[in-house]
Amino acid sequence: MTETRIRLLPETLANQIAAGEVVERPASVVKELVENALDAGAGRVDIDLEEGGARLIRVRDDGGGIAPEELALAVQRHATSKIATLDDLEAVATLGFRGEALPSIASVSRFRILSKRAHDPHGHALEVEGGRVDKPVPVAHGEGTTVEVRDLFFNVPARKKFMRAERTELGHIEEWLRSLALARPDVELRLGHNGKATRRYRGGQDALIADDRLLQTLGEEFTRNALAVGHEAAGLALRGWIAQPAYNRPSADQQYLYVNGRSVRDRSIAHAVKMAYADVLFHGRQPAYVLFLELDPRRVDVNVHPAKHEVRFRDARLVHDFVYRTLKDALAQTRAGVTATPNM
Ligand code: ADP
Ligand code: MG
């Protein structure tokens, strides 16, 4: 028989364990930081990287900022301004709510956060290195927040080993940014890598910008073949674009699904789309689409996975059938349209 002793893990280690789930690679850091910026109401987000994010990830926003006396709290686990009760959790509309991202990231990097609210006379900066939190110091900073993450996984060699070449990590970040750019045309997004601007999405409310984003992210051919979808029933709304069957792909690389603005993977919805295309697509080919599903947040659980890549619907069957019908009808109309054209 062996006797064991139970003890509480040191906070930094607990954060590093959480980081194992939330921080897979530089792209996950970018995702968490940009989502925080969006939750803070940013109208513009600047992302700067060095060496594919391995050396530096800097995300700057013009959002509401953080109170100087709360900076230390922001990097503590389970500290969040986004929910306070179970009821809030069940109706959550922000991208974040777990209060885990900043402490996790800070526990596996050299971390600095700078912030200033509109009415603060100046900004404050707080540094964390290997879990050690410094005192905030005054700093010059415009309105909003900047987070700098240097030397990701410097203290977790096992993780560092899994980082890929600069190009590969940059590719993951660009792909993630593409999916965000489709969902948030209202926000200006800029990406720089090793001192060069690599992507720029201008932002704004007008409809032309959304079209522009489609062109910029999915290209001219998709845009030319895109059918606009828009349908509402039973408290569900589906809008977006689907490609006519003539435009299809060898892989699922142009399939974007958002549930209440959150980019997710969902097998049931993917299946519904596949079924809708079943009669009009060659076997082995994949449809291309950008779909936004909106429903009451109480009808969908977003707290399924720490990285929030998946959701669970309360009435999954209803959602499946709604998506299937909406797309099936949209595709049937174009087929009618296409066959009618030669007679005109
Ligand atoms: P969550 O987003 O789940 O609340 P995070 O660890 O990502 O948890 O962030 C902790 C808190 O820090 C947030 O709830 C928010 O109040 C604050 N925060 C983080 N990033 C920003 C930002 N860019 N602008 C304003 N506040 C921020
Ligand atoms: Mg967050």
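Assorted remarks:
- Test: residue in the range 81-88 that is within 16 Å of ligand 2 (Cβ to nearest atom) and not in a loop (DSSP other than H, G, I, E, B): yes
- Once the range 22-77 is narrowed to residues that are more than 18 Å from R117 (Cα to Cα) and part of a strand (DSSP E or B), the residue that is farthest from ligand 1 (Cβ to nearest atom) is E50.
- The one condition in (1) under 29 Å from P10 (Cβ atoms); (2) modelled with pLDDT of 95 or more; (3) among the charged types (D, E, K, R) that E129 fails to fulfil: (2)
- Total residues in the range 306-333 satisfying the condition of being in a loop (DSSP other than H, G, I, E, B) and under 18 Å from R265 (Cβ atoms): the figure is 6.
- Some residue of the range 298-313 being at pLDDT 95 or above and within 17 Å of A276 (Cα to Cα): no
- Flag if K31 is modelled with pLDDT of 95 or more, surrounded by fewer than 19 Cβ atoms within 10 Å (Cβ to Cβ) and within 19 Å of the chain's Cα centre (by Cα): no
- Residue, surrounded by the fewest Cβ atoms within 10 Å (Cβ to Cβ), within the range 89-116, restricted to residues that are more than 6 Å from ligand 1 (Cβ to nearest atom) and assigned to a loop (DSSP other than H, G, I, E, B): A91
- Meets criteria (free of Cβ contacts under 8 Å to residues at least 24 places away in the same chain and aliphatic (A, V, I, L, M)) for A84: yes
The values are calculated or read from the model by the stated rules, or taken from the named source; none is laboratory data. Remember, it's a predicted structure, so these values are computed and weren't measured experimentally. All Cβ positions, even for glycine, are placed from backbone atoms using ideal geometry, and neighbour counts span all protein chains on display.
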